[in-house]
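For reference, the structure is listed below as structure tokens.
The values are calculated or read from the model by the stated rules, or taken from the named source; none is laboratory data. This structure is a prediction, so every number in the text was calculated from the model and none was measured. Here the Cβ positions follow ideal geometry from the backbone for every residue, glycine too, while neighbour counts run over all protein chains shown. Just the protein is used for accessible areas: all its heavy atoms, side chains included, with ligands, DNA and RNA removed. Shrake-Rupley method; radii C 1.70, N 1.55, O 1.52, S 1.80 Å.
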Amino acid sequence: MRRTILPAVAKPKTIYACTACGAQHPKWLGRCNECGKWGSLEEEVVASGGAGRAGLDAIPGEARDLLGFGSPARVDSDKVRTLGEIEPGNVERFSSGISELDRVLGGGFVPGSVVLLGGEPGVGKSTLALQLAAQIDATTVREGGGERSVLYISGEESPEQVRLRAERLEDDGRGVAILAETRVESFANAWKELQPKLVVVDSVQTLQTSRVESSPGSVSQVRESASLLAATAKLHNTTLVLVGHVTKDGNLAGPRVLEHLVDVVLGFEGDRNHAFRLLRASKNRFGSTQEVGVFSMGDRGLEVVENPSELFLAEHRDGAPGSCVIPLLEGSRPMLVEIQALVAAATYGTPRRTTIGIDDGRVALMLAVLDRRTPVDLVSRDVYVNVAGGVRVNEPAADLGVALAIASSALDVALPAGSAACGEVGLGGEVRRVSRLDLRVRELARLGYSTLLVPPGTKVQLKSRASEKTRLVEVDNIANAVAWLRDG
Ligand code: TYD
Ligand code: MG
């Protein structure tokens, strides 16, 4: 038998990439082996040969600089130093012109750093990016640093659309250089010519590069394009802001696989139906991840909110049953929010328990504790719990306030004017301590709250640091808290 010898022709290869973690699999699987996510694998065709594998390790040693300025020189062994020989030095920074953003970044942008701004569609990422671009442009011009210091690359909207949005803003960003483009290679000339201080890319999901042959929007396109841009930013000391969409479960190609590539990951959160927005850092190589930025979305774009408590309590009225103010802590920032509860007779079947802005499990726990440990009767009654202002409460420190709001509605007794509650409630009905009560008490005192229900031992713990303006009432269990509510 004669065997036919086929010439070695490079065939395009199909791989399956996970949209959540970026892992690549030779076969399709219902569940990703790496991260365990179901239904996250997507088919991708990669060119065989040179760039056989899409990804960071595909082209070892090759210059990954977009502008082709060459790869960094090899590091000789005499360049290796011990940590002790290195001067710590200060990180150079420049302000973004938006105080709340500077706070989250740790004091401003670091030149050459790459920042990923993620969030659900419609939350206001493009607005923040544009305001930031306009601010930096205005500051640079004012300081005589030349025009066109900011390059805004829009892959989703036309320059006219961006201009329309800019018209609404306080600072209309006249001097911002804009380019509607999605091919990474095409940015090269603009970037080279302008040598901008800041490059904004909105959004990273639209990027594509000819280095990878898979379709635009696929994991390898997004990752490869972003890594090219990141390398370019580093080499030219340009700050790069990448905007990326994430769905509720963080399940879109892009943001998740980019996290290791960038220096700072910012998440923009908020309910579309409310004005309030929170900016958090989930990763920051140059600062803390404890700080949060608070914004409010208005007719003229995003406004910084220096005192969030005032915003959340604007519509709060003392003397209404079913309402309790609690001091929350976001990072190191205290903010007062109002918990509202409504207990009503169940009309039919199983009583409804509905919560907005707070975990239902946590509320169910409070209902069970109230039922067993206090005289509050919740059997066959509907319970609705809502956090006013579109805030999301995740802290156990809210427990006592939630329980009191429910009890207050069930008993139809309002909390005394100017009172608030703070404490975790255990299954035995005991009230437990929470972190940083000093910060919370100070915020309450600042806003004129006169009474705060607290866990036992708080007075000793706070000693002189406690404010004289706010009276602390220690309650050791939920039954005593309800008794205080009834009898004052
Ligand atoms: P956008 O920044 O486009 O969101 P993203 O880029 O995250 O998808 O803006 C989202 C919403 O903000 C949009 O529904 C309109 C609203 N908005 C205002 O309320 N006021 C404003 O001044 C602007 C510019 C937008
Ligand atoms: Mg957008």
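A few notes on this one:
- Looking only at residues of segment 166-182 that are free of Cβ contacts under 8 Å to residues at least 60 places away in the same chain and within 15 Å of ligand 2 (Cβ to nearest atom), we find that the one that is most open to solvent (accessible area, probe 1.4 Å) is I178.
- Failed condition for A129, given (1) open to solvent by 10 Å² or more (accessible area, probe 1.4 Å); (2) within 13 Å of ligand 2 (Cβ to nearest atom): (1)
- When each of G244, G301 is tested for being at pLDDT 90 or above and buried (at least 24 other Cβ atoms within 10 Å of the Cβ), the lone residue that passes is G244.
- Checked against the criteria, E395 does not count as more than 30 Å from R272 (Cα to Cα), charged (D, E, K, R) and in contact (Cβ under 8 Å) with a residue 40 or more places away in the chain.
- Exactly one residue out of G173, G144, G122, G155 is of a type outside the set (S, T, N, Q) and within 11 Å of ligand 1 (Cβ to nearest atom): that is G122.
- For segment 407-429, the set of residues classified as of a type in the set (A, V, I, L, M, F, W, C) and either without any contact (Cβ under 8 Å) to a residue 40 or more places away in the chain or assigned to a loop (DSSP other than H, G, I, E, B) (or both) consists of V413, A414, L415, A417, C422, L427, listed by residue number.
- Test: residue in segment 278-294 that is within 24 Å of R163 (Cα to Cα) and either among the acidic types (D, E) or touching a residue at least 60 places away in the same chain (Cβ under 8 Å) (or both): no
Yes/no matrix, rows are residues, columns are (1) in a helix (DSSP H, G or I); (2) modelled with pLDDT under 90; (3) open to solvent by 70 Å² or more (accessible area, probe 1.4 Å):
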residue	(1), (2), (3)
R211	no, yes, yes
S227	yes, no, no
A231	yes, no, no
L235	yes, yes, yes
K248	no, yes, yes
R256	yes, yes, yes
L279	no, no, no
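- The set of residues in segment 89-126 being of a type in the set (S, T, N, Q), more than 16 Å from ligand 2 (Cβ to nearest atom) and in contact with a helix residue (DSSP H, G or I) (Cβ under 8 Å, 6 or more places away or on another chain) consists of S95, S96, S113.
- Subset of segment 265-310 [over 20 Å from V337 (Cα atoms) and in contact with a Phe, Trp or Tyr (Cβ under 7 Å, 6 or more places away or on another chain)]: L302
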